[in-house]
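Worksheet for the structure shown next.
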Amino acid sequence: MNDYEPEGWPGLLLREGKTLLRVPKTVKEENLGPHSKKNSSVFYNPAMAGSRTRSVLLLNYAINSGIFGEGEVYALDGLAATGLRARRWLNELPLSSTNRLRVEMVDNNPESLLWAKKINEELPPINGTDNLNYTLGDLRKVVLNSGRHWVDIDPFGSPVPFIDSAIQSMARVGILEISATDSAALTGSSKNPLVRRYGARVKTDGLAQDSGLRVLLANVARIAAKYDRKIEPLMSIWDSHHLRISIKVTKSIEAANKVENSLGWRVYSPDEVEIASSVDPDLNFPLDGILPMNCFLPLYYPKNYNDNRFSGPLWTGAIGDSEVMSYFTTEEALRLCGPIYDENDIINSSHKDIERERKAIEKSVRNLMDESRAIDCDHHIVVDDLASWLKLGSPPSPRKMVERLENFGYRAALTHYGRPSFRTNATWEAIVECAMYFQPPI
Ligand SMILES: C[S@@+](CC[C@H](N)C(=O)[O-])C[C@H]1O[C@@H](n2cnc3c(N)ncnc32)[C@H](O)[C@@H]1O
């Protein structure tokens, strides 16, 4: 690393979570959305704050759950920009966790790493920087230098170019977090890039973002299988303009052989033959001719390639892990990441500012703990879609649907999803019955 001051230093002093950061003024002025060529070459996007907060929580959970054993944990902030994600790990995780961390920030933009280094010198993370390294270079090469327990891939656009080498670099057991901002492709609006990058199709309906997450998972699962590894989704989230998956990657030839068991299709408006072939053995045959809105079919199901009711190939298993997601409480998020009012605060935040920032921390984990109860359930019901399907005057309240289904003994939970929705293992009959109870069809 060069020791000169980066251009624009000291820029603006901001806070995200409990962590102070500096960014060039141009970033703040121009770069409040996805990256554009006009922006500063150094990247900071406040819209990704929630993803970084969840990363702090997941890393803390992983270290303490014993997933990585007892020794050192090699973590790579793969496309680091100003290194804020790794800086937040070192500043917001307890010392008992950071003591075990060996962190590397990688970026191919020298200015970005200078900003990262400079802020860490000026305002070192609470738990120090002894275990932090900076590497200038192409992630696709750097990542292969050693085995990693944790790799974060947070690119501009599609993560596809980085996945193969990242998987190869993983230790026997590791966690891979991947962001994708090519949401138009993954959610089916840009069909050509979806076919080119992911070899898939997605129907642009209320579940398009859920299908996009599953398409990404299916792609990563296939790549992992090539290298004798299996994946287990820990958390999959659609957050405004981007999709993000967090997966456990484990070396296992036996499990990798079975990768296709977790892949298949989502079919909209399935007919009775399709329903009978669904991967959900509990899917009941319909009452009164009202068929389910959609179902999953296995990969081997013979389908007509021009049938635009189909999305996939996609991951048909659970897109999260209930034990992991149950750790994502607002209390824990605030304990680790919530700023606290301090009259000597160097950015002079008022009580109101702190309250607003704490609310944003809460929002980043909203419903995740609840959703953990039903994350493995096959039905993900977007209530607007349910209302149209059943010809109801207005959508039923997802909260009331969850309460009623739970009263009937089913598992059901609100989702952390961009549309009001719930997940449940209830039969389709029960879902219809509950929706009708709240509002008879018009
Ligand atoms: C979206 S930004 C990362 C944001 C960052 N993770 C955060 O949370 O603020 C993507 C970064 O990847 C870097 N980059 C792009 N291609 C790269 C490559 N092949 N190898 C290493 N870094 C790369 C860019 O310079 C940019 O800083």
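What follows draws every value from the coordinates through simple rules; no lab data is involved. Note that the structure is predicted; figures quoted are calculated from it, not measured. Note that each Cβ is placed from the backbone with ideal geometry, even for glycine, and that neighbours are counted across all protein chains shown.
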Could you pull out every residue, at least 5 positions away or on a different chain, whose amide H is within less than 5 Å of the one on residue 148? Hs are placed 1.01 Å off N in the peptide plane, and Pro or chain starts have none. 170, 171
Excluding exposed DSSP-loop chymotrypsin sites (Phe, Trp or Tyr not before Pro) (at most 16 other C-beta within 10 Å), longest clean stretch of the chain: 5-155
Net charge contributed by nearby residues that have their C-beta within less than 13 Å of residue 99 (K/R +1, D/E -1): -1
Bridge orientation stat for the chain from DSSP, antiparallel percent rounded to 5, came to 70
In debye, nearest 20, what is the charge dipole magnitude of the stretch 380-442 about its Cα centre with +1 on Lys and Arg Cβ and -1 on Asp and Glu Cβ, if you could check? 140
Between the stretch 211-236 and the stretch 318-377, what's the alpha-carbon centroid distance in Å? 26
Dipole check, the chain, charges on Cβ (K,R +1; D,E -1), about Cα centroid: among 220, 84, 416 the Cα furthest to the positive pole belongs to 220
Pick from 217, 314, 132: which residue has the top mean-square fluctuation in a GNM of the chain where Cα pairs under 10 Å get a spring? 132
Nearest 10, in degrees from 0 to 90: the angle of helix 351-364 to the longest Cα principal axis of the chain is 50
Got a sec? How would 371, 343 order by Cβ neighbour count within 10 Å, fewest to most? 343, 371
By what distance, in whole Å, do the Cα atoms of the chain stretch along each of the three principal axes, largest value first? 73, 49, 45
Kirkwood radius from Cα pairs of the stretch 380-442 plugged into Stokes-Einstein at 10 °C, 1.306 mPa s, gives D in µm²/s equal to 140
Among 97, 269, 350, the residue with the largest mean-square fluctuation in a Gaussian network model of the chain built from Cα contacts under 10 Å is 350
In what order do 377, 337 fall by count of nearby beta-carbon atoms within 10 Å, going from fewest to most? 377, 337
By Cβ neighbour count within 10 Å, fewest first, 216, 95 rank 95, 216
For the chain, size of Cβ-based charge dipole, Lys and Arg +1, Asp and Glu -1, in debye: 720
To one decimal place, what orientation-averaged projected area in nm² is obtained for the convex hull of the Cα set of the stretch 296-364? 8.3
Charge-dipole axis of the stretch 380-442 as Lys and Arg at +1 and Asp and Glu at -1 on Cβ define it, positive-most pick from 388, 402, 432: 402
Would you work out the relative contact order for the chain, in percent, from Cα pairs under 8 angstrom that are 6 or more residues apart? 12
